[in-house]
Amino acid sequence: MPIGNLGGWTGFILIVIILLLFAAPKLPALAKNLGQSMRIFKSEMKQMKDDDASREQAAGPVPPTAAPGAPAADAPTDAPQPPAAEPRTDDERPDAGGHHLR
């Protein structure tokens with residue numbers, strides 16, 4: 001016996017009815033647990049924001065930073081730079097198992 005098209009609103013309504021029939025006794029406990037979880041989440045988020053604010057106050061004003069890739073103002077400019085990596089060819093790259101193709 002074909003059931004037909006149960007997609008969209010028909011399937012949604014059917015699922016809601018089934019949940020209400022079989023899970024009705026557990027719904028108050030689920031709502032209570034959800035409320036407790038939300039309260040804990042909100043308090044943890046507030047605590048994280050307070051911790052960040054107290055760290056910023058303790059650290060004092062942050063000096064402006066240079067553009068990415070530019071040397072820092074207090075860094076020596078004559079320091080040796082690491083050698084640039086040579087690009088790998090397809091033959092030298094490892095495959096998915098970590099084995100080299102060569």
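For ASP50 and ALA29, the difference between the fully extended length at 0.36 nm per residue and the C-alpha to C-alpha distance is 4.4 nm.
Taking a straight Cα-Cα cut-off under 26 Å and skipping sequence neighbours fewer than 8 places away in the same chain, the lysines within cross-link reach of LYS26 are LYS42.
The slack between ALA59 and THR10, meaning 0.36 nm per residue of separation minus the straight C-alpha distance, is 11.8 nm.
Readers should treat all values here as calculations from the given coordinates under stated rules, not as data from a laboratory. Note that the coordinates shown come from a computational prediction; the quantities given were computed from them, not determined experimentally.
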